[in-house]
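The values are calculated or read from the model by the stated rules, or taken from the named source; none is laboratory data. As the structure is a computational prediction, the values presented were derived from the model and not from experiment. FYI the Cβ positions are ideal-geometry reconstructions off the backbone, even for glycines, and counts take in every protein chain you see.
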Amino acid sequence: MLSVVAAALAFQAALAEPIVLREGLAIQSVGRSGRTPIVTDAIAARIARGTFETPKEGDAIPVPGGEARTWAPIKAGEDGAFTGPALRGGYVHLTHRAEREEVVILHAVGHNMVIANGEPRAGDPYSFGYVQLPVKLKKGVNEFLFSVGRGRLTARLIPVQQPLVLGLQDTTFPDFIVGERHKELGAVMLTNATGSMQTNLAIRVDAGQGRTALTSLPPIAPLTARKVGFDLPVLAVAAPGQVPLTVELVRLEGSVRRVVSRVEVKLEAKSPTQMHKRTFRSQIDGSVQYYAVQPAATPGPGKALVLSVHGASVEATN
């Protein structure tokens, strides 16, 4: 089991008081989606044509079949969550009035995607809480149009604590195997809340006793959060237990490495007979992925290999 502990420089949403978006407008499904070869969506069509306008209460949207849906007020519950029939395939439109131009972290949960001030951004349909995206607020009214499908939505705006920071909300790490000594890979989230491309960055991993690994990163686009992969130090572990590592984001300035952000992680060392995780770099997109191995209960030659492949929202260790 992977346990993670954020260091003082790590991004943590709890460090600042978030702005919870609590009131807006909602509309039930205006099309047909799901497992169908042709998806229809009257609002998506308007967005694609550039004719979508800020909705008002009572505005009607014609849908295929001659019916129409109307925008209606919606309020979040005490827990900050929006619920209701409209959140089963419809849209929720929220606004926030900002006193000044600034970058914040949009942390929304339960949506397929969001259009923030006209820019499409990724959603979190399985409500993992991983998707925390930097967005630029303009002075005045800011608009967020959420496509929703699973009946529940929360949305918060969190002040930026650090413009360039590592995060542990979504990680990929292996288990170390007792008696083995080989190269492994890891991955953590990196948020660039600045308005410029960030270059000359690297990930340095320190396992103590001089055991380190340094991996250069590609340029990081402005106002993005992406998962970055890196090498782990080659380690030889003698017994099961925890293996602490320090993961640092460093900026390479000539011969100087300046630490920008730091997180602490604790990986597991397991015996070869235990279920364990191994990592690899995808030849499709270069990302770091993992798979789980369940060794045979009675090791020996002639054992069959059972390969199990799962879809979204299912961990390989399950």
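Conditions tested, residue by residue: (1) under 22 Å from PRO120 (Cβ atoms); (2) of a type outside the set (Lys, Arg); (3) assigned by TED's automatic domain parsing to the domain that holds ASN112.
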| residue | (1), (2), (3) |
| --- | --- |
| ALA45 | yes, yes, yes |
| ALA48 | yes, yes, yes |
| PHE52 | yes, yes, yes |
| ALA60 | no, yes, yes |
| ARG69 | yes, no, yes |
| PHE82 | yes, yes, yes |
| ARG88 | yes, no, yes |
| VAL92 | yes, yes, yes |
| HIS96 | yes, yes, yes |
- Message: For the stretch 132-142, check the following and say yes or no: at least one residue is assigned by TED's automatic domain parsing to the domain that holds ILE27, closer than 20 Å to LYS227 by Cα and among the polar types (S, T, N, Q).
- Response: yes
- Message: Please list, ordered by residue number, the strands (runs of 3 or more DSSP E) wholly in the stretch 1-116 having 2 or more residues that are modelled with pLDDT of 95 or more and either basic (Lys, Arg) or buried (at least 17 other Cβ atoms within 10 Å of the Cβ) (or both).
- Response: 23-27, 72-75, 81-83, 91-98, 102-109, 111-116
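Identify all residues within the stretch 137-151 that are of a type outside the set (A, V, I, L, M, F, W, C) and in contact with a Leu (Cβ under 6 Å, 6 or more places away or on another chain); write none if there are none.
Taking the stretch 137-151 and keeping what is of a type outside the set (A, V, I, L, M, F, W, C), we get 138-140, 142-143, 147, 149-151.
Within the stretch 137-151, just GLY151 meets the criteria.
From the list VAL135, VAL165, which residue is aliphatic (A, V, I, L, M), surrounded by 20 or more Cβ atoms within 10 Å (Cβ to Cβ) and at pLDDT 95 or above?
Details: VAL135 fails: surrounded by 20 or more Cβ atoms within 10 Å (Cβ to Cβ).
When all the criteria are applied, what remains is VAL165.
Among the residues of the stretch 168-188 satisfying the criterion of being among the charged types (D, E, K, R) and not in a strand (DSSP E or B), which is surrounded by the most Cβ atoms within 10 Å (Cβ to Cβ)? First the steps, then the outcome.
The first filter runs over the stretch 168-188 and keeps only residues among the charged types (D, E, K, R), leaving 170, 175, 180-181, 183-184.
Filter again for not in a strand (DSSP E or B), leaving 175, 180-181, 183-184.
Numbers: ASP175: 25, GLU180: 12, ARG181: 10, LYS183: 11, GLU184: 23.
Across the stretch 168-188, the extreme among qualifying residues is ASP175.
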